[in-house]
Amino acid sequence: MVIEGERIVEVGDYAELSVRYSSEGSIVHFKDSLIMPGFIDSHIHYPQYKVISSYGSSLLEWLNKYTFVEEQKFSDSDYAAKIAELFLDELIKNGTTTAMTFCASYKQSVDVFFSAAEKRNMRMIAGKVMMDRNAPAGLCDDIDSSYADSKSLIEKWHNKGRLSYAVTPRFAPTSTEGQLTQAAKLLTEYPDVLLQTHLNENSEEIAWVKELYPKSRNYFDVYDKLGLSGPSSVFGHCIYNTADEYKRMAETSSKAALCPTSNLFLGSGLFALNELESYGIDVALASDVGGG
């Protein structure tokens, strides 16, 4: 592999390349090692870095006991910047150079994250969590502020270097229909941004969604009918999808993020990979830190 500056310019057989480049630069032999592309993590939460391995008997208990408590600290830009640096360095240490990342519900948590990623020349897709209900008051935004903050962040960071923005409603229970509608509006206004959220992770969560959105046929329908499905939408977990949900995900070319360590750690369930593949749904691997 021949590297000039920060770019790989050629890959091939050593016997051939060593002759052509013998007088240029230095040769480093990584004996007994593999040189491979960086890993891609398709679903991860940087504000949960410090709650890794925090035990919870179920998803909703874990969110309230650990995650929401920790994420409120990200209203402090200095704290958020410190964790962003630690988080990104840990990704690099473990070979991950690209990630689709949930930030906190505070605009500044996104700014410091993208700044740290830009400094490291990493490929990061991230967004401000949108949540206007069913969470501590200090974490909640509102319909207007979440839209305005997201719009401002898209204008500032999307397609800047190797950075991209993802509209990020946390999950249906923490967003009103009005907020999800505004999230869809952002996707219409900025067609090349992505969307990330959660879907069918936990049986209690699914029952809660049915209570909050009684007119929806199923969990995916909440997102689908509001315009949040599509080829640039990535849904984390998808453990308990129904046949109708698989079908609609396939019809809309929506994507799924598989989070095996998180699903097991929180006792959420097992991911039916064969089922998604049988419908032709694209699946990517994810850690779901801090759940995983």
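Tell me yes or no: at least one residue of the stretch 173-181 is among the polar types (S, T, N, Q), surrounded by fewer than 20 Cβ atoms within 10 Å (Cβ to Cβ), more than 29 Å from A148 (Cα to Cα) and more than 20 Å from the chain's Cα centre (by Cα).
Looking through the stretch 173-181, none of the residues is among the polar types (S, T, N, Q), surrounded by fewer than 20 Cβ atoms within 10 Å (Cβ to Cβ), more than 29 Å from A148 (Cα to Cα) and more than 20 Å from the chain's Cα centre (by Cα).
Which of the residues that make up the stretch 112-150 are among the acidic types (D, E), outside any loop (DSSP other than H, G, I, E, B) and in contact with a strand residue (DSSP E or B) (Cβ under 9 Å, 6 or more places away or on another chain)?
Within the stretch 112-150, the subset among the acidic types (D, E) is 118, 132, 141-142, 144, 149.
Filter once more, keeping what is outside any loop (DSSP other than H, G, I, E, B): 118, 144, 149.
Correct list: E118, D149.
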* Tell me which of these L273 doesn't satisfy, since it passes every other one: (1) of a type in the set (A, V, I, L, M); (2) closer than 22 Å to A207 by Cα; (3) surrounded by fewer than 16 Cβ atoms within 10 Å (Cβ to Cβ). => (2)
* Would you mind finding the one in E71, E90, E10 that is in contact with a helix residue (DSSP H, G or I) (Cβ under 8 Å, 6 or more places away or on another chain), surrounded by 16 or more Cβ atoms within 10 Å (Cβ to Cβ) and either at pLDDT below 90 or not basic (K, R) (or both)? => E71
* **Flag for Y213 being of a type outside the set (A, V, I, L, M) and more than 27 Å from P260 (Cβ to Cβ)** => yes
* Asked: Between a first residue in the stretch 163-188 that is of a type in the set (D, E) and a second residue that is assigned to a helix (DSSP H, G or I) and surrounded by fewer than 19 Cβ atoms within 10 Å (Cβ to Cβ), which pairs have beta carbons less than 8 Å apart while being 6 or more apart in sequence or on different chains?
  -> none
* Test each condition in (1) within 25 Å of P37 (Cα to Cα); (2) of a type in the set (S, T, N, Q); (3) out of contact with any strand residue (DSSP E or B) (no Cβ under 9 Å at 6 or more places or on another chain) for S77 and report the one that comes out false. => (1)
* **The listed residue being in a helix (DSSP H, G or I) and among the polar types (S, T, N, Q), out of T197, T181** => T181
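Quick check, is N121 surrounded by fewer than 17 Cβ atoms within 10 Å (Cβ to Cβ), free of Cβ contacts under 8 Å to residues at least 12 places away in the same chain and of a type outside the set (G, A, S)? Outline the logic, then answer.
Numbers: surrounded by fewer than 17 Cβ atoms within 10 Å (Cβ to Cβ): yes; free of Cβ contacts under 8 Å to residues at least 12 places away in the same chain: no; of a type outside the set (G, A, S): yes.
No: the conditions fail for N121.
I'd like the full set of residues that are among the acidic types (D, E) and touching a helix residue (DSSP H, G or I) at 6+ places or on another chain (Cβ under 7 Å), limited to the stretch 177-220.
Here is the first cut: in the stretch 177-220, the residues among the acidic types (D, E) are 177, 189, 192, 201, 204-205, 211.
E201, E204, E205 - these are the residues of the stretch 177-220 that are among the acidic types (D, E) and touching a helix residue (DSSP H, G or I) at 6+ places or on another chain (Cβ under 7 Å).
Would you point out the residue of the stretch 242-270, among those that are at pLDDT 95 or above and touching a helix residue (DSSP H, G or I) at 6+ places or on another chain (Cβ under 7 Å), that is farthest from S57 (Cα to Cα)?
Taking the stretch 242-270 and keeping what is at pLDDT 95 or above, we get 242-258.
Narrowing further to those that are touching a helix residue (DSSP H, G or I) at 6+ places or on another chain (Cβ under 7 Å): 245-246, 248-249, 252, 256, 258.
Numbers: E245: 27, Y246: 28, R248: 31, M249: 29, T252: 34, A256: 24, L258: 20 Å.
By that ranking, first place goes to T252.
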* Asked: Restricting the first residue to the stretch 10-37 and requiring it to be polar (S, T, N, Q), which pairs with a second residue that is surrounded by 10 or more Cβ atoms within 10 Å (Cβ to Cβ) meet a Cβ separation below 9 Å and a spacing of at least six or different chains?
  -> S18/I27
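Select from the stretch 1-20 the residues that are of a type outside the set (A, V, I, L, M, F, W, C) and in contact with a strand residue (DSSP E or B) (Cβ under 6 Å, 6 or more places away or on another chain) and list them in ascending order. Walk me through how you get there before you give the answer.
Residues of the stretch 1-20 that are of a type outside the set (A, V, I, L, M, F, W, C), as a first pass: 4-7, 10, 12-14, 16, 18, 20.
Within the stretch 1-20, just E10 meets the criteria.
The values are calculated or read from the model by the stated rules, or taken from the named source; none is laboratory data. In this text, all values refer to a predicted model and were calculated from it rather than measured experimentally. Here the Cβ is made from the backbone with ideal geometry for all residues, glycine too, and neighbour counts use every protein chain on show.
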